[in-house]
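Notes follow once the structure below has been shown.
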Amino acid sequence: MTEHEARYPVPEHASARAWVDEETYRSRYAQSVEDADAFWLEEARSRLTWFTAPEIGSESRYTPSDVQVRWFADGELNACYNCIDRHLEDKADKVAIYWEGDNPDDHLSLTFAELHEKVCRFANGLKSLGVGKGDTVTLYMPMIPEALMGMLACARIGAIHSVVFGGFSPDALAGRIVDSGSRVVITADESLRGGKNIPLKENVDEALTRPGTEVVEHVLVVRRTGGSVAVNPRDCWYHDVVDPQSSECPPEPMNAEDPLFILYTSGSTGTPKGLLHTTGGYLLYAAMTHRDIFDVHDDDVYWCAADVGWITGHSYIVYGPMANGATSVIFEGVPSYPSHGRIGEVIDKYGVTILYTSPTAVRSLMAQGDDIMASSTRESLRVLGSVGEPINPEAWNWFYRVIGNSRCPIMDTWWQTETGGIMITPLPGATELKPGSATRPFFGIQPALYDNEGQELSGEAEGNLVIKASWPGQARTIWQNHDRFVQTYFSTFDNVYFTGDGCRRDEDGYFWITGRIDDVLNVSGHRMGTAEIESSLVAHEAVAEAAVVGFPHEVKGQGIYIYVTLNEGIQPTDELRAELVKWVRKDIGPIATPDVIQWAPGLPKTRSGKIMRRILRKIAADELDGLGDTSTLADPGVVDDLIEHRQSK
Ligand code: WT7
């Protein structure tokens, strides 16, 4: 049997204690789609603590002229209360967070009681800066407890947080501050990753020189490294503002449909979109998926090795685990520092039972060989998880065999910023695994495959992945731009949510995600629009035109390949190439660092002037046989030139 045909049945240790076995999966899945309102209302009432329990289930509709996503709209609750206060009765002294710093000697733990006290002070500190219900606050933070505490403090007082990943550039940060209308920004002096200091506060200062950012009244700065920072009139130190506050702060009662957070993500066109998630449905979906998919019990030590700047961090570092009263490891550093054995060492140090990470992290470790795991036993592990991009069977097998000692099932979880939580996934006690397949839908999720004409495909098929009915975790809108929300997700096909992913369904009804079918790249699990990178490049004085495509990359999944046409009279030099790489890094952030730049005297275009990316993708991937029909090109000769001068990777 080749590894592509391998099957992994549910291990006995998983079936012995799992929340969901195969029979429960089948019967509850059937109920969740046949009587969705009853199913979700029951889940909502039993899993969350409400000030007013909801009687209304879904009021969602996908009619293009009138798209609305709405759940539990008569319910009232507070997300922070659900994540902290309600655990104080029986889990006050349980560890909520084991924080592991970049340097292994830097660590601390916080119980739910300690977290309660700190989050209340933080919330009162925000109030003292004038933040109230409905205000937006931008967080630009390292992976330190204050990042989570800041999010929960916002939720406690009804403020809407907008977390911007600390790897984004000042310009990217400025755009998100302006779009979200944040009057307060929370940051730290510096972040620390892999022994390197990253000047977060300096980036904020630079961002706040950009037009539109005058709305920012306060910058609250956490001291992380003690690195020196400029102090401007709008700046205040976290310890000065927060430490003197009272440790009592009543949680604000919020309607289930009141906004909880905005999170920006890239689309195929235009500027990043701020997806809006609301309080009740999102929290329920994060909590329920977290508990059922990772099979979390009271004695588990759970580690999601993501950053809070992504949706994975929101749902599976903060809201899901905390709503479930779980003990989590929060990691500031990177898997390769101080050595490639770090992940295993952290697992042993805290007795981690559940590890949720990304294929790109797995592949980067796999490239170092099996020996790197010799410094740890990882005996405590029970369940593994993967997220962010398709996991190739080779990486799956390495993850399973080397990290998981061939005894931990891997949950390959497919979802998106827009979906709020995991949508297609195995369950540890229910699902036979096939490496590379995200397997089957979670409760209430109805995936379908459509052809390009909008016909639903049945049985074994490959097509566009859409989701039929709404689910509680679904994003409600794009902040300040509902039209774009409708246009992006509900106009390609009638009456379904369009995911932007391609997918195959096999003979067992298992789903295999094949990747984005729009102009969105997935580089190391980070999502970015080709249009964003192109518009950054054409803003450089030397560049006339640029076309960006992805190409298969061993570690990153996809790499960034750029075709650049220079302005008349500009010489294509290696210095210029290096300068353009730096330019994009500075403009968007290090995650968008180009891998390859090819000088292109011309780009393949149709007679109507549309760049034929299909051809550019094939050239970048060295797939020269399948270039397809080039006869509709305005100048077929440019293709030969591009092939001849393609760059090695
Ligand atoms: C895109 C969403 C979900 C949190 C992290 C990324 C790709 C995600 C998988 C998976 C295949 C996956 C999809 C999706 N993706 N998980 N298990 N298998 N592809 O969130 O930044 O919103 O990106 O990531 O292409 O559309 P995101």
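What follows is calculated from the coordinates using simple rules that are stated; it is not laboratory data. This structure is a prediction, so every number in the text was calculated from the model and none was measured. Don't worry about glycine lacking a Cβ; one is built from the backbone with ideal geometry, like all the others, and counts go over all protein chains shown.
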Legend entry - Unpaired by the 4.7 Å Cβ criterion, cysteines found in the chain: C80, C83, C154, C236, C304, C408, C503
Legend entry - Cβ crowding within 10 Å averaged over residues, with 342-348, 316-322 ranked highest first: 316-322, 342-348
Legend entry - the range 551-609: relative contact order in percent, alpha carbon pairs under 8 Å with at least 6 residues between: 44
Inset, instruction - In whole angstrom, note down how far apart the Cα centers of the range 175-223 and the range 1-52 are. - result: 41
Inset, instruction - Rank by packing, highest mean first: peptides 533-539, 177-183, with packing defined as the count of other Cβ atoms within 10 Å averaged across residues. - result: 177-183, 533-539
Inset, instruction - Quick one: order L148, L627 by neighbouring beta-carbon count within 10 Å, fewest to most. - result: L627, L148
Inset, instruction - Rounded, prolate or oblate: pick one for the chain, where a ≥ b ≥ c are the square roots of the eigenvalues of its C-alpha gyration tensor, a/c under 1.5 means rounded, and failing that, prolate if a/b is larger than b/c, else oblate. - result: rounded
Inset, instruction - Just add up the charged neighbours of I611: K/R +1, D/E -1, any other residue whose Cβ is under 14 Å from the Cβ of I611. - result: +3
Inset, instruction - Could you tell me which of rounded, prolate or oblate describes the range 254-316, using a ≥ b ≥ c as the square roots of the eigenvalues of the alpha-carbon gyration tensor, with rounded for a/c under 1.5 and, failing that, prolate when a/b is larger than b/c and oblate otherwise? - result: oblate
Inset, instruction - With a 10 Å radius around each residue's Cβ, average the other Cβ atoms per peptide and rank 450-457, 301-308, 167-174, 492-499, highest first. - result: 301-308, 167-174, 492-499, 450-457
Legend entry - Lys, Arg +1 and Asp, Glu -1 on Cβ, resulting dipole of the chain about Cα centre, debye, nearest 20: 540
Inset, instruction - Could you tell me whether the range 469-531 comes out rounded, prolate or oblate from its Cα gyration tensor? Rule is a ≥ b ≥ c as square roots of the eigenvalues, rounded for a/c under 1.5, then prolate if a/b exceeds b/c, otherwise oblate. - result: oblate
Inset, instruction - Take the alpha carbon atoms of the range 293-334, find their center, do the same for the range 378-455, and report the distance between the two centers in whole angstrom. - result: 17
Legend entry - Residue order, fewest to most beta carbons within 10 Å, for D501, D298: D298, D501
Legend entry - Theoretical ellipticity at 222 nm over the chain - DSSP helices of four or more residues, -39500 (n - 2.57) apiece, nearest 500: -8000 deg cm²/dmol
